[in-house]
Amino acid sequence: MEIHRKQDIPWRKIEENALVVNPKTSLIYPLNPVASRIWELLDGQNNLGRITGIILKEYDIDKDTFNKDMESFILQLEEAGLIEKK
Amino acid sequence: MSVLLDSIYAKVEALRVPLHILLELTQACNENCIHCYIKGAKDRLSFSKDKKELSLGRIIGLLDELQREGALNLTLSGGEAILRNDFFEIAKAARQRNFALALFSNGQLIDKENADRLKEIMPVCVYFSVYGKDASTHDRITRLEGSFKKLFSAIELLRQRGVKIGLKTVVMKENFTQLKEVFELGKYFGAEAHQFTEEITTRIDGTCPGPCQIDGCSLYDYYKGDIPQPREYIEELKKEEALRKPLCAAAASGACISAYGDVYPCAELRVPLGNVKYASFADIWRKEEGFLEEFLETREYGDLPECRQCDLISFCRRCPGRAFYETGDWRGCYEHARERALLSKRINEELAFRR
């Protein structure tokens, strides 16, 4: 399944962190470095499997914990209307 | 969004990311509000040599620069920003650069066509000023007959198109008895937010905001009243905590850029850091010397000599811009802040007595 961030979502990278605005609520989500990297990788060029591979390569984190966090994060992005699925 | 969230606002301030930008596109306005701080006034300390508004080309370049510096919340303001013929080009360019775009407008130029164009751009919010419960009060303050009717129509047109609206109400003598009705009007309009303020911004030429400011008795009633929300008792800070209370974040995470290109710490503190007609935003923003260096070093109430001696810090909401206009010194204590802090303290003591 292909997932990518919506084109018109306001966001900025601040060093390794990112700030993402939910245009529906005007709330700003400050993302930690791992979430920011995931957000960056949701550019339409990478599927979830590839993103998982890149993150596990770049960060020293437990695979099972990451998979759970990733699943929850994607669900939250979807609920907030920040990503699209194809 | 819990697991992967982080608190990065301290970093934003430490890095001086200009997260919030107020961009005044023009000083021209089709209303003539009795309390306006900008129309027909000249910035006393402006660096602009030609007194011309920024061109479309310079504004587009500026948007690129702001994006590179990390600016995220961009508010287009005026005067009335939509009076500029190129307003929609600017707004569109801002959205293409992924700014969270907001607009301050008086609504007078928002007809069906412009409402459609705004829907296409989809700002995070369009803020309107509403000054009275009806046309008689609102139009008297804007000094434009029919302005309330047009504002009402603009709000309806945007609501029908799903564009979010917010309201702002300046509390003044002319509308003081109508605050409840104005508040209800905001609910009727389905406003995302409705800000009330009794602080009338000092005119940019340094002159007094005028006779519309409410007097001490009304101020007491307003502070004690329940619009926009009931006042609650606050625990007074111990002296050492009070001294660490942060001052405003102007110039640390936000800036105002005037229609003539001057970069200010905020819309109220009009001490120019530079002008984008003659230098890049980054060069101006990063040149931490003189006033800016001193301002950035002054981050807490305890950094201000007069505040260190004061027992009102818990209740004080001083504004360096207001201090600058009242006393000529942005660090100084000023009557307006002291009066408000004293009132807040008195009301807090009354609330404590009732608990």
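Neighbours of B:C33, meaning other residues whose beta-carbon lies under 13 angstrom from its beta-carbon, give a summed charge of +1 when Lys and Arg score +1 and Asp and Glu score -1.
Neighbouring Cβ atoms from other chains, within 10 Å of the Cβ of residues in A:4-16, number 4 on average. Within the listed set B:A71, B:A115, B:A14, the residue fluctuating most in the Gaussian network model of chain B (springs between alpha-carbon atoms under 10 angstrom) is B:A14. You can think of it this way: the chain between B:F176 and B:A249 has 23.3 nm of extra reach, that is 0.36 nm per residue less the Cα-Cα gap. Result for chain B in a Gaussian network model with C-alpha springs under 10 Å: among B:Q96, B:Q27, B:Q195, the largest mean-square fluctuation is at B:Q96.
Residues considered: B:G225, B:G274, B:G302. Largest GNM mean-square fluctuation over chain B, using C-alpha springs under 10 Å, is found at B:G225. With contacts taken as Cα pairs under 8 Å and at least 6 residues apart, segment B:1-154 reaches a relative contact order of 26 percent. Residue ranges B:284-297, B:28-41, B:124-137, A:37-50 sort as B:124-137, B:28-41, A:37-50, B:284-297 when ordered by packing (mean number of other C-beta atoms within 10 Å per residue, highest first). Residue pairs exceeding 20 angstrom between C-alpha atoms, taken from B:K112/B:K150; B:K42/B:K277; B:K173/B:K245; A:K24/B:K187: B:K173/B:K245. Seen from B:L144, the other residues with C-beta closer than 15 Å to its C-beta sum to a net charge of -1, counting Lys and Arg as +1 and Asp and Glu as -1. For chain B, hydrophobic long helices are taken as DSSP H runs at least 18 Å long by C-alpha position along their axis with mean Kyte-Doolittle hydropathy of -1.0 or more; these are B:56-69, B:147-160, B:335-354. For segment A:3-85, the relative contact order comes to 34 percent (Cα pairs under 8 Å, sequence separation of at least 6). Restricting the GluC sites (Glu not before Pro) of segment B:106-192 to loop positions (DSSP other than H, G, I, E, B) with no more than 11 neighbouring Cβ atoms within 10 Å leaves B:E145. Averaging the sequence gap over all C-alpha pairs within less than 8 Å and six or more residues apart, then dividing by the number of residues, gives segment B:3-84 a relative contact order of 57 percent. Local charge sum around B:E297 (other residues, Cβ-Cβ under 12 Å, Lys/Arg +1, Asp/Glu -1)? Net local charge, B:E297 excluded: -4. Listed by chain and number, the lysines placed with their C-alpha closer than 29 angstrom to that of A:K63 are A:K6, A:K13, A:K85, A:K86, B:K11; residues fewer than eight positions away on the same chain are left out.
No value in this document is a laboratory result; all are computed from the given coordinates. No experiment lies behind these values; they were computed from the predicted model shown. For neighbour counting, all protein chains shown are included, and Cβ atoms are generated from backbone atoms with ideal geometry for every residue, glycine included.
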